[in-house]
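Everything on this sheet refers to the single structure shown next.
The values are calculated or read from the model by the stated rules, or taken from the named source; none is laboratory data. Because the structure is predicted, anything quoted here is derived from the model rather than measured. So basically every Cβ, Gly included, is an ideal-geometry build from the backbone, and we count neighbours across all protein chains shown.
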Amino acid sequence: MNRNQDDKMKKSQVRFTRFMGIAFVAVALQACALAAVGTNEAPDIYVLTAPSIDFGQNRPQVSTQIVVDAPEAPAALNSNRIVFQPSANEIRYFSGARWADRVPDMVQVLLVDAMDQGGRFQAVGPRSAGIRSDYLLQVSISRFGVESEGAEMDDVRVQINSKLVRRFSDTVIASRRFESVKESESSRTIDVVGAFDDANSEVLSAIALWAYDEIVSAERVDPAS
């Protein structure tokens with residue numbers, strides 16, 4: 001074997017060794033990535049329940065059809081993350097826990113379901129359903145999280161602003177802010193979610209009763225509009 005052939009063979013061996021080294025590193029990294037995927041635990045998923053609204057005997061069924069618009073929410077609430085606010089200027093999220101849906105979508109579904117199950121309106125639905133409605137209920141979620149500033153136990157605060165609009169004239173007939181604060185029994189996530197359920201149910205029930213009363217009052221004053 002001459003010198004040129006010997007040099008070529010050595011270069012080929014070096015290239016092969018480098019290739020095998022790179023391939024080994026790539027396989028090792030892929031194995032680590034797959035191992036990480038396999039060991040990461042899926043977050044616990046939580047849902048809230050629609051309240052059973054007591055309209056009472058003094059609120060009979062009306063022929064009104066009402067649509068609930070898609071709720072507005074700030075970016076921090078416009079997700080399925082559970083908000084924890086240790087101070088007025090800081091927002092964190094629960095690790096390993098999520099809502100089953102985005103907060104605005106969840107609130108809309110629960111509000112529609114609660115008002116519909118109450119049986120006092122002729123029809124209730126989300127705006128996307130295309131119902132020919134008499135009134136539009138617009139809501140914006142300003143607070144929907146756990147607050148612990150200066151408190152020994154975590155408080156859950158739900159605050160929703162509501163606006164009732166007459167569809168054919170686009171007239172705002174009423175607006176109001178609703179809020180509920182509930183104390184969690186402990187810092188365990190399941191207890192915090194229970195406080196969320198109580199606070200959210202209280203707010204949605206109040207919105208439904210308020211909407212009914214405002215619609216009945218508006219129809220008495222100006223039924224033709």
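Scanning the range 48-99 for residues that are over 11 Å from the mean Cα position of the chain (by Cα) and of a type in the set (Phe, Trp, Tyr), which turns out nearest to Ile173 (Cα to Cα)?
This residue is Phe55.
Within the range 168-178, does at least one residue satisfy the condition of being of a type outside the set (A, V, I, L, M, F, W, C) and part of a helix (DSSP H, G or I)?
Of all residues in the range 168-178, those of a type outside the set (A, V, I, L, M, F, W, C) come to 169-171, 175-177.
Restricting the remaining residues to those that are part of a helix (DSSP H, G or I) gives none.
Scanning the range 168-178 turns up no residue that is of a type outside the set (A, V, I, L, M, F, W, C) and part of a helix (DSSP H, G or I).
Go through the range 108-142 and count every residue that is free of Cβ contacts under 8 Å to residues at least 24 places away in the same chain and part of a loop (DSSP other than H, G, I, E, B).
1
I need the full set of residues from the range 172-188 which are modelled with pLDDT under 95 and out of contact with any helix residue (DSSP H, G or I) (no Cβ under 9 Å at 6 or more places or on another chain), in order please.
Result: Ser187, Arg188.
Residues checked against (1) buried (at least 18 other Cβ atoms within 10 Å of the Cβ); (2) modelled with pLDDT of 95 or more; (3) of a type in the set (Val, Ile, Thr):
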{"residue": "Pro51", "(1), (2), (3)": "yes, yes, no"}
{"residue": "Asn58", "(1), (2), (3)": "no, no, no"}
{"residue": "Pro74", "(1), (2), (3)": "no, yes, no"}
{"residue": "Ser95", "(1), (2), (3)": "no, no, no"}
{"residue": "Arg102", "(1), (2), (3)": "no, yes, no"}
{"residue": "Asp113", "(1), (2), (3)": "no, yes, no"}
{"residue": "Gly130", "(1), (2), (3)": "no, no, no"}
{"residue": "Gln138", "(1), (2), (3)": "yes, yes, no"}
{"residue": "Ser142", "(1), (2), (3)": "no, yes, no"}
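Can you say whether Gly125 is within 19 Å of the chain's Cα centre (by Cα), surrounded by fewer than 14 Cβ atoms within 10 Å (Cβ to Cβ) and either of a type outside the set (A, V, I, L, M, F, W, C) or at pLDDT 95 or above (or both), as far as the supplied structure shows?
Values: within 19 Å of the chain's Cα centre (by Cα): yes; surrounded by fewer than 14 Cβ atoms within 10 Å (Cβ to Cβ): no; either of a type outside the set (A, V, I, L, M, F, W, C) or at pLDDT 95 or above (or both): yes.
No, not satisfied.
Being in a helix (DSSP H, G or I), closer than 23 Å to Gln85 by Cβ and modelled with pLDDT of 90 or more: is that true of Ala211 here?
On the way: in a helix (DSSP H, G or I): yes; closer than 23 Å to Gln85 by Cβ: no; modelled with pLDDT of 90 or more: yes.
The answer is no for Ala211.
Results for (1) surrounded by 14 or more Cβ atoms within 10 Å (Cβ to Cβ); (2) touching a residue at least 40 places away in the same chain (Cβ under 8 Å); (3) in contact with an Asp or Glu (Cβ under 9 Å, 6 or more places away or on another chain), shown as yes or no for each residue.
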position	(1), (2), (3)
Glu147	yes, yes, yes
Gln159	yes, yes, yes
Val165	yes, no, yes
Val181	yes, no, yes
Glu185	no, no, yes
Ala195	yes, yes, yes
Ala199	yes, yes, yes
Ile207	yes, yes, no
Arg220	no, no, no
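Can you name every residue in the range 76-85 that is surrounded by fewer than 16 Cβ atoms within 10 Å (Cβ to Cβ) and closer than 24 Å to Val124 by Cβ?
If the condition is that a residue be surrounded by fewer than 16 Cβ atoms within 10 Å (Cβ to Cβ) and closer than 24 Å to Val124 by Cβ, then Asn78 is the only one that fits.
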